Structures are given as structure tokens and as C-alpha cells.
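Read the figures in this text as sums done on the coordinates, not as results from a lab. Predicted, not measured: the structure shown is a model, and the values here were computed from it. Cβ coordinates were reconstructed from backbone atoms using ideal geometry, including for glycine residues, and neighbour counts include every protein chain displayed.
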Amino acid sequence: MSAAWTNIATSAHSLLERLPLLARDFTTDWLPESARWLANSLITIATVVVAFASLFALLTIVERKVLARVQNRPGPNRVGIPFTKIKLFGLGQPLADGIKMLTKEDIVPRAADQVLHFLAPVALLAFSILTFAVIPFGRQLVPLELDAGVLYFFAAGAATELAVFMAGWASHNKYSLLAAMRALAQLISYELPLLLSIVPVVMLAGSLSTVGIVEKQAGWTWGFVPHWHVFTPWGAAGFAIFFVAALAESNRSPFDRPEAESELIAGHLTEYSGFKYALFFMAEYFGMCALCGMGVTLFLGGWQAPLPFLEIIPSYFWFAAKLLTLLFVFMWIRATLPRLRIDQLTRLAWKFLVPLALINLGVAVFWALTADWTGAIRAIRWIVAGALIVGPFVLIGRKLSSGIAPRTYRYAT
Amino acid sequence: METTDQLRDRLLARFPGAEISVVTNPGPAAQHSLLLSPSPARDIAVFLRDDPALRLDYCSNVTGIDWPTLGCLEVVYHLYSMALKHGPVILRLRTTNRTDAVTLPSLTPVWRACEFQEREVFDLYGIVFTEHPDLRRILMWDEFKDHPMRKDYVEPDDYEWEPTPHGGVLEKAKRHYPAAPVAGVADPGPASASPATKP
Amino acid sequence: MIASGLQTTGAHVREVHDDFHGDLLEVSMGPHHPSTHGVFRMQVTLDGETIVKLKPVFGYLHRNHEKLGENTSYLGSMPYTDRLDYLNSMTNNWAYALAVEKLAGQPVPERAEYLRIILAELTRLLNHTCLAGFLLQDSGASGTPLMYAFREREKILDLFESLSGSRMMCNFQRFGGCRTDASPEWLAAAKKLTDGYGAFLDEYERLITGNEILMARTQGVGVLKPDLAISAGITGPMLRATGVDYDLRKVDAYGFYSRFAFRVPLGDHGDTYDRYMIRVLEMRESIEILQQAFRDLPAGPIMDPKAKLRGFRPKTGEAYGRIEGPKGEIGFYLISDGTPNPYRYRVRPPSLINLTVLEDLCLGHTVADAVIILGSIDIVLGEVDR
Amino acid sequence: MLGSGLLQGLAVTAKNLVGSFHDPARLTTVEYPEQRTKLPEAYRNFPFLVSENATDPMGTLRCVACQICEKECPPQCIYIEKSKDKKPDATGRPQLYPTVFDIDTSVCMSCQICVEVCPFDAIKMDQVFEIATTDRFTALLLDREQLAKPNDYYHTIHPTEAAEVDARLAAERKAAAEKAAAAAAKAAAAKPAAVAGLGEAGAPGSSTPATTKPPAA
């Protein structure tokens, strides 16, 4: 009886698991072999773009809702289905925003560089979409299986800096220019810790392929601790560094210097309006999703389920769940923290994250070399690795935060 | 703290040539003030700031006053001591007339607090403070001509229709709308609407 | 010697324009800029992102408040004082009422004085809470601290509304007392709010005071030296953050403040963090004062029976009355010539005078710092421009 | 340790995020057009004229056109024209009345000074606040027909205050009636005196000259 159930469950599961691929094959089955490849690719691209565009739409409303709830407000809750009184908790808001953005006048300053001003949002969006190509969204669900997928990802991601600078420069606005300079300084600074934090992963997984890295993280110790990289000392540290650098790379609070609205109006977006502005917005969210997706892939086991019996739920669901969790943390951080100053921000990158990432690299080496330690000696391995990370963190952190401390105050007598 | 009369005597002893008189305040507040002649004013101010018994290190308030009846403009400084926590000592400086000789020594070099307030007096009363580091208009725009706080200031005739005109506004309204708005006010029915259609 | 207070105007402007340094960038921050707290403009000259020159420009909201005061009766100016510093109408009212009472020798009954203290301290809570929110907003905290601050501020405004009829434009004080009496229910509600305020402050401080980012942003930024502060006439929490002990509630002991036990917190660094923390600590002292006031509030009339509402004509004379407003010394200087209108009506605006040192504080810092320095000075443009 | 302050902050915001779903104190928004808070009794916005009787508001205005409020109004938003004749008021005494009573609500700042200075309890503060209109001039200029609201309305918006006012007015009227009765008792001998007494009762209003306002041309 139970065997039968397991059978049914397994087959149902595998059906669900392969559903996206089956659907794709079903659609393109009638095509000749040569055209099928092209059609399959186009369908994949369309699916990814549509999926993330709708995720973007959802995220804009969810972010506003989360921010609002943190701030004890209900958030946007008026727009529902048009021409009815159904409000759906304001889920129609992105649609209304989209219509507004589309119908708004597109203003280009007379002094602006017309070509670059137009090109900047397009380039930014294009590069952001490119990064989705190598992220494995589920078992066998990767748009493009590259052997050097990780390299490709960060190469495409780094190109967004160009677009931001383009926008700032082309607008011919002082605030935009300042923002562009800030953006360059910030993005270049954080490129380094971002890359350094993933080197251990590549090193220990022995692969630059995203699919390979995810597959390395399969399995459980004692049946319930997943073999995700984040559950190792170097992985945890690497994930933390990756996370901070990803916040900075995607211009999110507390690193949203380039568009610091309290200082630079809207930074490089000051002279953008209408749909171009929406494109920037979209690209920012795409970049954020891509980086989170990469973080999930590299450190959080990709599409792997957290517990064996949960494998019954399809892999792409797990990927989505992890991605959304990370995105939620992004929002939560945005709702809480004030912004760093540009020099403090670069100092944090160069004097804190980069050294820690390098030390972490050493820890990863140690971890790799002691992979055959067993029994009680494994505990020593953990303690040494942990100490090698926490020690420098505390020491460098103390150095970094020297001179700032809570104060006590005196009272007039 | 010594009384205003004692202070005047002490200042006269210290600055023999200066003209210093006490302006009594007849009101219940009884905050009497010292009227200084402009030329030694800054030296006296420095003395007041640095004298160990007074230590008037804090200039709280700078006020411009227009006295068409006396034929002068006046600046009033309210001085306090943060070190000794006493005050106020009130200084008054008067210009010779209200038209051409409107120069007074700036006390900004003595108390930085006067910087914006003297600019404001310059802006609104037209008193020119010599040796002020940055004497520009502060509240009105740079191209503005007159000094609006003077008692004889006539505001420019940029009349805007007002439904319930009084006093000066009513006078102005009459100039702009010879018959309609005044009649309109007298008769609320159709006429209160009629001026609105005009601008 | 004479020029001790003078270090302004362009001394810091770099004259080198070689290939390496490039040109200076002139940015006009404001009048429409998200964090200039209204229509205020800072003409900033930047070397990279470092400020080498900063000139505040104001007057965009100028309405010649003082001329209006000369053209209306003594009572008629009272609602206009609401609109000076529109966060603190209660203290503005009190300062004006105090000056007129000095001018006319008008006594105030005991209950009214207590009520004034209660309202002034509530206003202080309100203003400092707002400031803490705005300052964090300026340092980029996505509105969360601001919203928490406004949540609490709204409760105080509700109290003001149910007492005076209006949230912000209270128009509550009268010469010789207060306009309406506080009912026992109102006092109970105010006491309840005061009791709960400490918990809010605790939560707020947990959110932000220990925050490393905030400390990094504010500590050592915009340091004001005590001697410059005194010379420039800086008052209020900004002065006390430099370590100068000068609180008019203690110095003048106006009202019945001498009957209350409270402490004056002082800072040692004079930087933005001190300015923020002094305000937080002052809020805690205000809570103490409020508790004592609720305990000791006497019964009795709230208006002096001899006080005149209509046909109020003080005798010839002049008076300068000042109180410790939440932003600093707010004073009114009135000259009466015996007519129903004051001959001269002068406001001493703490916001404007505290701005005197804005350039000194900002030089050598970045644009980002200028924004939070401005935030920590705590200005309201209604009062700066008048 | 570096970061502990940040984590504390995150804990606070998380608490608020969760709290907003179950704790009313952490979700304070009132969604205005559908939900409304109860206005406090003291709430004031724009004045109105009290009339004794809802059926004949113009005939029973308490206002006697004394123009004190017009004079005292800080932004000068009241405009009054005094009547030439006298009409009997609620107590039957002949009084002046306003032929024009305009309040420009685009200028009015709801300071309540007109209410405080009014010796006849004729003008009181209203509680309307939804008066937005697309016409800046005429629609915001309220005339006496729009301003007049019955005493019952006053009772509904400011019950405590209205009760006090009614009690005071009743006492005053009673005193006046007694005085009049006493005067009438004395009457037969000295008739002109009673007339003078009546004139005196109406004096504070009618004797105040409209000094500030130049006569309309």
C-alpha cells in the first residue's frame, strides 16, 4: 500500500518536476529538428522575461507593502480590478503604475546627450536580463548551460555599471553627474568582494558551471542538515560577504548612494521620466533578482529542497521560495537601515570586506585540505575554521568602527 | 548685575568721549536701555563682551525700528551673558536721519549672532552696517528696491481681487475697478460673482 | 581679537585649478530639494564631493510677519505666531503671551502657568520626536523612523486638537491665561500618553541609537565649538550639545519652572550625534517635568479676571520676552505706543539664528553630511523666513 | 561587536512588521473617506452664524451687525453691512441685523478670534472641513445664507459649549425680562425711561462705530 503510494507520489512528483520542460516540448514538438532548438530557446527566453517581469510587478507592490507594514501603515491598497469595487489588497497597483509610466511625458533635457540618454536604460535592462541566462531555476531548468556560467554572470552583471554612468553623464545634470561618479566608485569597489566571496565556492565545487555547483550541494548529513555551502564556516562567511556586496551592487539600502534621494534628488534618475524611468526601475529589480538568484545558487543549494521528504515539492518551487526569502530580507534591510556615506561605503569594501574575503579564501583552503578529517577531529576542523573567520571579523570590525561608539552624557549641575 | 544707570556711569568713565544716555522704559517690564552714539559703539560692545563683571557674550536679538517722528532709524541689541547667566543689557544705536545718513557700525565682528539679523535689518529697514562681512539682502530678493518694514513703505500696486476688501485693500480695489467691486460688496447677490469673472 | 567670531565667506575656497584638481562644481541645493525642509536653498561649491563654500539663501516663504504684527491688534497676532514654527505653536503662543504680559504687567493664574508648562513640554516632545524622525530620514532610512516618530507625534497632536480645537494652529494662549481649561479626561489622556512615551523612546533608541551606520554618519560630523556657538547666538539643544549650560527654563525660570526638578543634558563633542542625543535625553527630562506637572496641577481659574480680550491697549513701553522653545530661544520684542496695535513687533527666530553657523559646520564635509547637518540644526522655514 | 546595533534595529522593525497584523497600536492608519475618527468636541474649522430658528434663519440671526468681529479678524476675511432698519430678534427686541455678512473662507484661518470677541454669542466655530471646490473666488466666499445654521446644529457639534451658552443667554434674557418688567411696573409714570433702557441693552453693538471701514462708494 505504502509502496503504491510512494510510486504514485514519485510519478506525480516527477511529472510536476518536468512540467515546464514537457510543456515546452509539447509546444514545439511539431517543428522540424533544426527549428526546434530555436523555438525552444525563444520559449525559454520569453518565459524567463515574462516570469521576471511579473515578479518585478509583484515585487514593487510587495516592497511597498512590506515597507508600509514595517512603518505601521497598510500600504497601497486601493487599486484592484479596474471598473469594479474589488480591491484585492491593492494588487492592481503595478498595473496602474505601469499605465501611468507609459502615458507620462518622456522628457529629455535639451542639454542632454540624446543618444546616450536613450541608450542608458536600454543597456541597463539588457545587461540585467542577460544575467538570468545561467541561473538554474530548477532541476534541468537552466536557460543556458555554460561551463563558465559563474564567470559569464559576473561579466554581464558588471556591465550595468557602464549603463548607470552613461545615464548620469548623459543627463547633463550636476546631481546626475555626482551620482554617476558615486555609482562608479561604489560598484567597482564592491565588485571585488563580490567576486572574492564566490571564489571559495568555485574552488571547493571545482566547477564554474552553475548547474554543477548546485548539484554539488545535494544530500544531507544525518538526514537533515543539507550540504549547502552556507552551512560551512567559509560558506557562511562567504554568503555574508556576498550578501552585503550584492546589496551594494544592486544599489539597495543602506548602499543606495547613487540615488540617495535626500542628497541627490534621484541621482542618475533625476532627468528620467516616464517609461525610461520605469526601465531603470525594472533593471534595478532584475539585477536584484539575478544577484539573489546567484546567491541562492552558490550558497543556498540552488533548487535543492531543505529536507529529504520535502523533495516531493518541485525544485523550481524551492528556488522561488529561497529567492523570495532573500528578496524579503533585502526589503527588510531597506526598511531599517540609514544610508552610509560614500567614503564610508568604499572603506567598508576595501578595508573590511576584501580582507575578510581573502581570509575566507584561506579558510576555504583549510577546509578543502582537511576534508578527510573524521570523527572527533572534525570538531577541531570546525572550531579552527570558525575562529579563523570570527577572529578577523571582530578585529577588523573593531578597527573599522574605532572612534564610533555609543556615548554617555553628563548633566548640568 | 548693576543697574542701567550704574552701567552708563561706568561706561562713561571708561569711554570719556562717548555719548551714552539711558532710555527709560516706562512700561511694567522696566527694561531700560543704553543709547550709544555710533562711533564708539563697537569699542563699547567689545568692552561689554569682555568685561569680567558683565561678560555679555551672547547677543540674543537685533531689532530694527523706524521712528518717523524722531526722524531716525534705530537698531536695538539685546545682550545676555551665557557665562554669568544675567541680562538683558539693551543697546540702541540711531542713525542721523532716515534717508541718506543711515550708516551704523556693524556689531557682527563682536557677536557673530548679529550676522543674519543685521542683514535682515539692512534688508527691511535699509540701515547700512559698515564692516559687516556679507551685507546682502536676506529675506527679500536681491533686485528688490524698497525697505518694506519702514513705516512709510508703500507696497507696489500688484492688486489681486479679493472678495472681502477692507481698508487699504478697498481703496486699491476702487482704483482698479471703478464701479464694479465696490458695488459688488454692497450688494452680495450678482456682484460678488462679477469681479471674479474680471481677472 | 575683535574678529573672533568671524570666519566666514570663502576663506576655504581652493584657488588651484590644475589638471589634477579640475574645476569646482557649483550646486544649488534647493529650493526644491527633498531634504531642505521646505523652500530653502544652499548654494554649495563642491570640490569633488567636499564642500568648500556654502551660502544659505532664504526668504522664499517670507511674508513679512513683523509688518503683519504691526498692522493687527495684539490679540490678532496670536494666531499668526502659530504659523511661525508650525510644529511648536504652543510654545510660540506662550513666548508671545509672555512678552505681552511683560509689556502690560499682566499676571497669570497658577493653573494657567501649569497648563502652559504641560503644553510646552508636550510640544518639546513633539518637536524633538519629529526632529529625530527627520534626521534619520535625511540620513536615508526609508521613512521608518520618521513614521514611528509621526505615529507618536500624532497622539500629541490629537491631545492638542481636543484641547484647542486644532492640531497645529492651536492659538491657545491668551494674555493673562489660557483660552480653555483642560478637562480631567484630557489630563488623564495626556498623563497616559506621557506614561507610555518612555517605552516609545526605548523602542526608538533600540532601532537607531546603537546603529553603527548612524553613528558613523553623525559622530564627528558638523562639530560646533562652544565659543563659536556662544558668539553666534546658538541656543537650544544645539548649544547644549556643545557643552554650554544655558537653558532658559533654568536661567530665567519663567513660568513655574523653578518648582520643577529636571536636569539639563550636555554634550561634549558638539557634533551631529550629540545634537541628536541631547534631544532624546531632553525628551526624557520633559517626561519627568510632565509627570510632576500632572501631580501638582492646582485647581483654579485659567484666566486672570482682569485680563481684557477686546480693546487691549498696553501702556507705552517695551518688553522683550523669551522662553526656551524646543528649537532654542524664541523671543518677542514689543514696543507699545498705547494704541491697540504694537508699534514694533519683532520675533527672535531661533531657527534663523541657528543657521548662522551652517557654513562653518559644513565646510570640509561632503554633500551627504551637509544634509544631515542641516537636519540636526532643526529648522522650520516658516520661522526662518517669517 | 560590529553589527549588533544593526541587528537590534532589524529586530525592532520585524516586531513592527508582525505587530501591524495583530496589534491595532501598530497599524494606526485611518482610511479616510470610508473610516473617520470622531472629531473632538473642541474641533474648530470656519465660523458660522447662529440662528435661533431653523425655519426662518435670516429672521432669527443672533448677529446684530456690531462689526466687532470684522474689526478683530486678523486676516480681515469678514465683511459686514449693517442694516438701516431694525427688526425684532428672538426676544422680540428691535435690533439691527446684517444685510451682508460674508466670510471669505479662502482667507479665514479658523483662529476663533471672532467667536471670542463676539458679545452676543452670534458667531460660533463650525466643524466642516470638506469644502474643497473648483471655484476659488465665489464658491469659497460664504454669504449669510450659507453661514446661518440653527442653534440645534450648534448643539450637535459642540454640546457642552452650546449648553453653557444657552444657559447664559437664558439667564441674561430672564434678567433683561425682569428688568423690563420692573421697568414696565414703574412704567406708567415715566414711559420714556423704559425706551431708553432698551436702547442701552442694545448699546454695545449698535454704538460701536464702523471706524475701520470706509463707507462704500
FRET efficiency estimate (nearest 0.05) - Cβ-Cβ, residue D:130 to residue B:169, R0 30 angstrom: 0.55
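Peptide C:315-323: average number of partner chain Cβ atoms within 10 Å per residue?
Other-chain Cβ atoms within 10 Å of each residue's Cβ, averaged: 6.
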Positive end of the dipole of the stretch C:264-355, charges at C-beta (+1 Lys, Arg; -1 Asp, Glu), about the Cα centre: which of C:320, C:276, C:345 has its Cα farthest in that direction? C:345
Leading residue at positive end of dipole, the protein assembly as shown (Cβ point charges), from A:198, A:234, C:115: C:115
Tell me, how many Å apart are the Cα centres for the stretch A:364-406 and for the stretch D:51-128? 82
Angle between chain B longest axis and helix B:167-176 axis [Cα atoms, degrees, rounded to 10]: 50
With the crude spin-label approximation of a point 7 Å out along Cα→Cβ, what separation in nm comes out for residue A:192 versus residue C:309? 7.3
Near residue C:192, which lysines are there with a Cα under 16 Å away, not counting those fewer than 8 places off in the same chain? C:155
Expected vector for the stretch C:219-230, Karplus 3J(HN,Hα) from phi with 6.51, -1.76, 1.60 and θ = phi - 60°, integer Hz, x for Gly and Pro, equals 6, x, 9, x, 6, 10, 7, x, 5, 5, 4, 5
In what sequence do C:320, C:96 fall when counting other Cβ within 10 Å, fewest first? C:320, C:96
If you take the square roots of the eigenvalues of the alpha-carbon gyration tensor of the stretch A:156-229 and sort them as a ≥ b ≥ c, do you get rounded (a/c under 1.5), prolate (a/b over b/c) or oblate? prolate
Pop a pseudo-label 7 angstrom from the Cα along the beta-carbon direction at both residue D:2 and residue D:178 and give the gap in nm to one decimal. 8.6
As a test of the formula, what do you get for the protein assembly as shown when each DSSP H run with n ≥ 4 contributes -39,500 (n - 2.57) and the sum is divided by the residue count, at 222 nm and rounded to the nearest 500 deg cm²/dmol? -15500 deg cm²/dmol
Using only Cα atoms and rounding to the nearest 10 degrees, what angle (0 to 90) does helix C:272-296 make with the longest principal axis of chain C? 10
For the protein assembly as shown, Rg(Cα) over 2.2 N^0.38 Å is 1.10
Taking Cα atoms, the helix B:114-125 axis meets the longest principal axis of chain B at an angle in degrees (rounded to 10) of 40
The stretch B:1-95: GluC sites (Glu not before Pro) falling in loop per DSSP and having at most 14 other Cβ within 10 Å: B:2, B:19
Across the residues of B:39-46, average count of Cβ atoms on other protein chains within 10 Å? 1
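Work out the FRET efficiency for residue A:22 and residue A:58 from their Cβ-Cβ distance, taking R0 = 45 Å, and round it to the nearest 0.05.
0.95
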Express as a percent, rounded to the nearest 5, the fraction of DSSP beta bridges in the stretch D:39-175 (both residues included) that run antiparallel. 75
Charges on Cβ only, +1 for Lys and Arg, -1 for Asp and Glu, centred on the Cα centroid of the stretch A:104-337; of A:172, A:114, A:220, which one is farthest towards the dipole's positive end? A:220
Roughly how many debye, to the nearest 20, is the charge dipole of the stretch A:41-95 about its Cα centre, given +1 on each Lys and Arg Cβ, -1 on each Asp and Glu Cβ, and no other charges? 340
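Evaluate Rg over Rh across the stretch D:34-97, taking Cα atoms for both radii and Kirkwood's formula for Rh.
So for the stretch D:34-97, dividing Rg by the Kirkwood Rh gives 1.09.
Take every residue in peptide B:14-20, count the Cβ atoms of other chains within 10 Å of its Cβ, and give the average of those counts.
0
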Between the stretch A:91-124 and the stretch C:321-386, the alpha-carbon center distance in angstrom: 42
The lysines whose Cα lies under 17 Å from the Cα of residue C:315, excluding any fewer than 8 residues away in the same chain, are C:102, C:306
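May I ask which of B:172/C:67; D:84/D:124; B:145/C:225 have a Cα-Cα span longer than 30 Å here?
Too far apart for the 30 Å limit: B:145/C:225.
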What lysines sit close enough to residue A:351 to cross-link, taking a C-alpha to C-alpha distance under 22 Å and skipping anything fewer than 8 places away on the same chain? A:399
Roughly speaking, what is the centre-to-centre gap between the stretch C:214-245 and the stretch A:303-358 when only Cα atoms are used, to the nearest Å? 39
Estimated distance in nm for a label pair at residue C:32 and residue D:14, the labels positioned 7 Å out from Cα along Cα-to-Cβ: 4.2
Can you compute the FRET efficiency between residue A:36 and residue A:275 using 1/(1 + (r/R0)^6), with r the Cβ-Cβ distance and R0 = 41 Å? Round to the nearest 0.05. 0.70
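Given contacts defined as C-alpha pairs under 8 Å and at least six residues apart, what's the relative contact order of the stretch A:104-337, whole-number percent? It would help to have the intermediate numbers written out before the result.
Working: 385 pairs, mean separation 66.6, N = 234.
Here the relative contact order equals 28 percent.
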Sequence of A:117, D:155 once ranked by neighbouring C-beta atoms within 10 Å, starting from the fewest: D:155, A:117
Can you count the Lys pairs in the stretch A:104-337 whose Cα atoms are under 27 Å apart, with each pair 8 or more apart or on different chains? 4
Cα-based Rg / Dmax (Å) for the stretch C:57-207: 16.9, 50
Can you give the relative contact order of the stretch C:340-386 as a percent, counting alpha carbon pairs under 8 Å and 6+ residues apart? 53
